[in-house]
Amino acid sequence: MSTSFRIVAEKLLLFLEELNEMEINDEFFLKVKMYENFLNQLLQITEKMDTIDEEGKKILMDINEKNNALLSRLKSEKDNLKNDILKVNRKENLKKKYYN
């Protein structure tokens with residue numbers, strides 16, 4: 001496994017752990033951009049590699065698992081936000097209907 005692969009993968013794992021635990025705010029989205037950069041670097045490195053050893057495969061599986069957890073969290077947050085918007089819209093529609 002190449003040194004650059006290991007360095008980028010370790011940074012990526014740290015970002016994923018932090019993203020999965022932090023509050024979703026402006027700082028979160030900045031870190032997502034940084035995460036995307038590390039992910040792109042890792043993809044470029046793996047494309048240049050002939051083979052990946054067992055340790056590299058384990059790291060990639062760990063990254064995939066944490067990435068899926070982040071995606072699940074974001075989907076849940078999106079659904080919650082959508083529900084909140086629908087509730088506000090219903091309240092506003094009721095206000096218009098009964099107070100106008």
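Can you tell me, using C-alpha contacts under 8 Å and at least 6 residues apart, the relative contact order of segment 3-99 as a whole percent?
Working: 39 pairs, mean separation 36.7, N = 97.
Relative contact order comes out at 38 percent.
Would you please state which residues of segment 1-26 a label at Glu55 would reach in this model, taking the label point 7 Å out along Cα→Cβ and a backbone N cut-off of under 15 Å? Output list for this probe position: 1-11.
Based on the reciprocal of the average 1/r between different C-alpha atoms, the Kirkwood radius for segment 1-92 equals 14.8 Å. Each Lys and Arg contributes +1 and each Asp and Glu -1, all at the Cβ; summed about the Cα centre of the chain, the dipole is approximately 1040 debye. By other beta-carbon atoms within 10 Å, ranking Tyr99, Tyr35 with the fewest at the front produces Tyr99, Tyr35.
Taking each DSSP H run with n ≥ 4 as -39500 (n - 2.57) and averaging over every residue of the chain yields -31500 deg cm²/dmol at 222 nm.
Above 15 Å lies some portion of the pair distances; for segment 1-48, what is it as a whole percent of all C-alpha pairs? Could the numbers behind the result be given before it?
Details: 488 of 1128 pairs.
The proportion of pairs with Cα distances above 15 Å equals 43 percent.
Got a sec? How would Val88, Val8, Val32 order by Cβ neighbour count within 10 Å, fewest to most?
Numbers: Val88 10, Val8 21, Val32 15.
Sorted ascending by nearby Cβ count, the order is Val88, Val32, Val8.
Throughout, read-outs are computed from the coordinates displayed, never taken from laboratory work. These numbers were taken from a predicted model, which means no experiment stands behind them. No Cβ is skipped: glycine too gets one built from the backbone with ideal geometry, and neighbour counts run over all protein chains shown.
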